[in-house]
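The values are calculated or read from the model by the stated rules, or taken from the named source; none is laboratory data. All of these numbers come straight from a predicted model, not from anything done at the bench. Cβ: placed from backbone, ideal geometry, glycine included. Neighbour counts: every protein chain shown.
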Amino acid sequence: MNFLSPGFVDFLARFSKWQAFKLATVSGFAEPLGVVLVAYLFPSSLSPEILEGLLASVGGVMAFLTLHEMLPLAFDYAGQKQAVKAVFFGMAFMSAR
């Protein structure tokens, strides 16, 4: 989800779909490239417990940014009722198995 935020803001600022797509794609590749870099630089010290902790930390940062930065923006653009519905159904969809 965090990869959509820079592209959306850029699209609103410039109304360029192509520029927004490029920015969102580059932003989306930042996390996987970070994982590959850490796995390459520290292969022996990357235990499952450390990997779980790192992934939990990244998930916490993503949740914080979503609720702190994107939710107020959604209130402004879609209204409180629609934004709360979207957050609820989005969380339900992501937690469903």
Worksheet item: If you go through region 33-46 one residue at a time, do you hit one that is under 30 Å from V84 (Cα atoms) and not assigned by TED's automatic domain parsing to the domain that holds V87?
Response: no
Worksheet item: Which one of E52, E31 is in contact (Cβ under 8 Å) with a residue 12 or more places away in the chain, closer than 26 Å to M91 by Cβ and of a type in the set (D, E, K, R)?
Response: E31
Worksheet item: For region 22-69, how many residues are of a type in the set (A, V, I, L, M) and in contact with a Pro (Cβ under 7 Å, 6 or more places away or on another chain)?
Response: 2
Item to complete: Only residues in region 66-82 that are free of Cβ contacts under 8 Å to residues at least 24 places away in the same chain count as the first member; pair them with residues that are of a type outside the set (F, W, Y), Cβ under 6 angstrom, at least 6 apart or cross-chain, and list the lot.
Response: A74/A83; F75/A83
